[in-house]
Every structure is written in structure tokens, then in C-alpha cells.
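Undergrad: This is the structure I want to talk about, given as C-alpha cells.
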Amino acid sequence: MASIVSYIELREGKVTGPSRFAVSEARRVADAAGATVYALLTVGPLPQAEIDQLASEISAAGADRILCSSAESLAGPALHFSHGPLLAQVAEHLRPLLLLFPAGGVGTELGPPLAVRLGAAYLANASIEIVAEERVPEPASQRVVLLRWRAARDGRRRIDVGDFERPVVASLADGQAAAPLGEPSAEVEMISCPEPRPAGPRWLGSDPDPSEVAEVPS
Amino acid sequence: MIVLVCLEPLTPSRASRAALDLALARAGSAQVAAVVAGGPAGSPALELASAAATRVVHLDDPALDKADFFATGMALAETARHLGAGIVLAGVHSDEEGQGLVPAAIAHHLSAPIFSRVLAMGWPAGSQDLLEVTLRAGGRVGRIATPLPVVLTAEPRTSASSARPPQTPVTVESLGLSQLGLDPSRLVPRPDLLGALVAKS
């Protein structure tokens, strides 16, 4: 069965509102296209009970399965050097038709490098529409279309996911998750994280970003 | 050490102007070079670059006018290699498309780490091999130590550009793709990877 992967961003240990929205959008697409929704959760070393609690919340948002990777290298904010190899590993294993990132900086950081590595189509700040087929197929089917305004606002980019043999990577525009679309009981599969390069980049420290109040999880 | 700033052809985006400002403010003793891929000679991008950088390269090849982000990134990465640049700076996205794929393609072709939303950079005391980068990520302002080469992107600034002392414009060097070891005939554009363009009605 086709798959959709939705990346989950945590802030202060909590699932962000944009991440719940991304999962709910993946659910909506999966229901129309017939696909499995995988949520990808990346955390530092955490007790299993806390992982299960996060997984329960994510599955309630609409995920069928939770892929969780727990490693010291994943403890900080999601950056390409620390999280990119894991994303590529998941994408190359599942070969999803759609890889979604929640609104905010995480899509800017992780989306373009992943799309380039996979040779995938990419849309930033996209919205998703489910449209009926123009012809009358048997059985009835729907098409999944991603749209975004160009930054210059002179036109829109449009990707029909069904037209691509490659995956489509997209970061979503902000939105509000609908009421819970799933049951809080999805299966959690723990996956290993590729070892970081020994002489690669490393975190020196961080402080809260006062300018990002608007992106705090809701 | 060379810091290479990538500017879009024609008119540079607000983000790439911020990248140029960042390079000029934080390069320290490093040389700031600039590259413009495509566009005509005498473009605003080249004028801006030649008034600010100490070395300016114009990638002048008709193939670049139709090149997609992947090929453009390849040409810019090869320029960085050609110049021996350890740090490549670009805007996080253009003002037209706004996707941010070219910097990712540069990093891919250089096999270099990429960091977006960069606020500052500097060299830890006594180090020429590691760069310290200050950036915004995940609701935090963090500091990273990274080996070189590295690709950094800056967000558009909301404030005016920092004042710079005027300089006599430097001469623009023109380079063709073949001088970088690239075969223009093999740069097949794949515009479908950005989606079809639906004009505003």
C-alpha cells in the first residue's frame, strides 16, 4: 500500500500544533488515496512511557503507525546534519508518495535538502486539495493536489501527486487540526538512527528564541 | 579563506542581500567573493556585488537561463570549488519562487552541511578549520561548530542593510560553465519538480 510520512516536531517535549495539523492532512489524503499514514517522531533518549504518550497523541491526530527514533544526536532542534540522514533512510525504505513537514522553520531546514537528495518534487508552504477526477473512473477516485502561491504572488505552483513517480516533499502552510481523526492506539516501531559523522557539526548550546513566540506549540 | 555569497541574477532577493550583509559583517579576515549565476552583464546583482565584494564572478552561459535549481546549485558549487571557498552564503529563498532549493542543491553537490536561518558566524579562537554558526531552529537560538566547507542561508532582513564604506567597484570576472568542468548540454531542466505554474487569473 502507498504511504505518506508526516514529520513530527516537538517543542519543549510536546507535539506542536502544526505537527498535529500535518498528520491530520496526511490522514485526509490517505483516506482519499488509499494510503498508510506514518508519523516520524525523533527524540533524544526518553523513557518508553513518554514515547508512548507522544505516540498516543500523534495517533489520535490520524496516524496509522508511528516510527520513532530515539538517540542523543536527535535531542536538539531538527537540523539537516543531525536529522537528515534519518529522514533519508526512512524515505528510501518506505518510498512514500508524500513526505510532509509541519509549518514553521523545520520545513525550511529539512525539506529542501531531503527533496534534493531524493530527486523529489518540492513545495514550501503548500496547501492540499482533494479533487474529483475529471473523467468518470471505475471505481470512483480522487486526486491529491498540492498548491502554493509563488513568493512573487504572480501565480501558483500546482503538483498533482498522482502524476509523479517520485515522492513529493512539502512543508505545509499553517492550519488548524480538525477534531481527532484517529484512535490513540497506533503501533509504535522503534527505528535506529544513522550514526553521526565523527568529525561533523556539533551543538555548542542554545537558548529560547524570543522572536518565535508565534511558533510555540498550541 | 574565502566566503562566497550567491546572488540571484537580475535583482537579488532580500534574503540574499541579507546574506551579503552577513558575510561583510562577519567574515573577519576572510575574503568576501560573490557569484551571480546567469543574467546579463551589468545587472543590478552584479552592480551590488562589485560594490561590496573583493572578487566577483559572473557565470555567463545561456544554459543557466533555463537551468533548474539542481543545475544552478551544481554550477554554484563548482564555482565555490573553483575559488576555494570554504563558506557559501545564500538567501534562504528567492523573492520570486520562494522555495529555497538552490542552497540545498549547492550543499548536495559540495557534500557539505547546510544550515538555514543563520544569524551570525565566527571563528572560535585559534581555529581556521571550524566555523561557529549562530542560528534559529526549533524555537531556540543555537550555536553550532561545523567543519568546512559549509553552506549557510540567511532570512530576509526586516531592517535596512547595514551601512558599508563605499569601495571602488571591482572588475567582474566572467566564467563559462565549461571552465568549471560542466557540460552545458547535460544540464537538462526538470521544472516539473517545482510543480506546474498556474498564472494568476
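Undergrad: In this structure, is B:His58 farther than 22 Å from A:Leu123 by Cβ, outside any helix (DSSP H, G or I) and not aliphatic (A, V, I, L, M)?
TA: So B:His58 passes the test.
Undergrad: Can you name every residue in the stretch B:87-112 that is among the β-branched types (Val, Ile, Thr) and touching an Asp or Glu at 6+ places or on another chain (Cβ under 9 Å)?
TA: B:Val92, B:Val102
Undergrad: Sticking with this structure for a sec: Just to be sure I understand the filter: pairs with C-beta atoms under 6 Å, separated by 6 or more residues or on different chains, first member in the stretch B:105-118 and within 7 Å of chain A (Cβ to nearest Cβ), second member among the polar types (S, T, N, Q). Which pairs pass?
TA: B:Pro113/B:Thr146; B:Ser116/A:Thr108; B:Ser116/B:Thr153
Undergrad: Test A:Val116 against the stated conditions and say whether it is facing another protein chain (nearest Cβ under 10 Å), within 14 Å of the chain's Cα centre (by Cα) and either of a type in the set (Lys, Arg) or at negative phi (or both). Let's see the steps before the verdict.
TA: On the way: facing another protein chain (nearest Cβ under 10 Å): yes; within 14 Å of the chain's Cα centre (by Cα): no; either of a type in the set (Lys, Arg) or at negative phi (or both): yes.
Taking the combined requirement at face value, the residue does not satisfy it.
Undergrad: Kindly indicate the residue of the stretch B:1-52 that is within 14 Å of the chain's Cα centre (by Cα) and among the hydroxyl-bearing types (Ser, Thr, Tyr) and also surrounded by the fewest Cβ atoms within 10 Å (Cβ to Cβ) among those meeting that condition.
TA: B:Thr11
Undergrad: If you take the residues of the stretch A:1-14 that are crowded, with 23+ Cβ neighbours inside 10 Å and not acidic (Asp, Glu), which of them is nearest to A:Glu50 (Cα to Cα)?
TA: Per the stated criteria, the residue is A:Ile8.
Undergrad: With respect to B:Leu22, determine if the residue is within 18 Å of B:Ala154 (Cα to Cα), among the hydrophobic types (A, V, I, L, M, F, W, C) and either in a helix (DSSP H, G or I) or modelled with pLDDT under 95 (or both).
TA: The answer is yes for B:Leu22.
Undergrad: Right, next: Quick one: how many residues across the stretch B:153-162 are of a type in the set (A, V, I, L, M, F, W, C) and either touching a residue at least 40 places away in the same chain (Cβ under 8 Å) or in a strand (DSSP E or B) (or both)? Write out each step before concluding.
TA: Initial filter on the stretch B:153-162 (of a type in the set (A, V, I, L, M, F, W, C)): B:154, B:160.
Remaining after also requiring either touching a residue at least 40 places away in the same chain (Cβ under 8 Å) or in a strand (DSSP E or B) (or both): B:154.
Looking only at that region, the number is 1.
Undergrad: When the stretch A:144-159 is examined, which residues are found to be modelled with pLDDT of 90 or more and either touching a helix residue (DSSP H, G or I) at 6+ places or on another chain (Cβ under 6 Å) or surrounded by 16 or more Cβ atoms within 10 Å (Cβ to Cβ) (or both)?
TA: Scanning the stretch A:144-159 gives A:Val144, A:Val145, A:Leu146, A:Leu147, A:Arg148, A:Trp149, A:Arg156, A:Arg157, A:Arg158, A:Ile159.
Undergrad: Kindly provide the set of residues from the stretch B:120-134 that are within 15 Å of B:Gly28 (Cα to Cα) and part of a strand (DSSP E or B), ordered by number.
TA: Passing the criteria: B:Ala120, B:Met121, B:Gly122, B:Leu130, B:Leu131, B:Glu132, B:Val133.
Undergrad: Right, next: Tell me, which residue of the stretch B:191-201 that is at pLDDT below 80 and not in a helix (DSSP H, G or I) is nearest to B:Ala63 (Cα to Cα)? Let's see the steps before the verdict.
TA: Going residue by residue through the stretch B:191-201, those that are at pLDDT below 80 are B:191, B:200-201.
Subset that is not in a helix (DSSP H, G or I): B:200-201.
Numbers: B:Lys200: 28, B:Ser201: 30 Å.
Once the filter is applied, the top-ranked residue is B:Lys200.
Undergrad: Please work out which one of (1) within 8 Å of chain B (Cβ to nearest Cβ); (2) surrounded by 12 or more Cβ atoms within 10 Å (Cβ to Cβ) is the condition A:Ala199 fails and give its number.
TA: The single condition A:Ala199 does not satisfy is (2).
Undergrad: Same structure, new question: Would it be correct to say that A:Glu50 is out of contact with any Lys or Arg (no Cβ under 6 Å at 6 or more places or on another chain) and more than 29 Å from A:Gly200 (Cα to Cα)? First the steps, then the outcome.
TA: Numbers: out of contact with any Lys or Arg (no Cβ under 6 Å at 6 or more places or on another chain): yes; more than 29 Å from A:Gly200 (Cα to Cα): yes.
Against the criterion (out of contact with any Lys or Arg (no Cβ under 6 Å at 6 or more places or on another chain) and more than 29 Å from A:Gly200 (Cα to Cα)), A:Glu50 qualifies.
Undergrad: Quick one: which strands (runs of 3 or more DSSP E) lie wholly within the stretch A:80-184 and hold at least 3 residues that are touching a residue at least 60 places away in the same chain (Cβ under 8 Å)?
TA: Hits in the stretch A:80-184: A:98-101, A:168-172.
Undergrad: Another question, then. Just checking, how many residues over the stretch B:25-44 are within 17 Å of B:Ala154 (Cα to Cα) and at pLDDT below 95?
TA: Residues flagged as within 17 Å of B:Ala154 (Cα to Cα) and at pLDDT below 95 within the stretch B:25-44 amount to 3.
Undergrad: Of the residues that sit in the stretch B:135-152 and are under 16 Å from A:Gly76 (Cβ atoms), part of a strand (DSSP E or B) and touching a strand residue (DSSP E or B) at 6+ places or on another chain (Cβ under 6 Å), which one is farthest from the other protein chains (Cβ to nearest Cβ)?
TA: B:Leu135
The values are calculated or read from the model by the stated rules, or taken from the named source; none is laboratory data. Because the structure is a prediction, the values reported are computed rather than measured. No Cβ is skipped: glycine too gets one built from the backbone with ideal geometry, and neighbour counts run over all protein chains shown.
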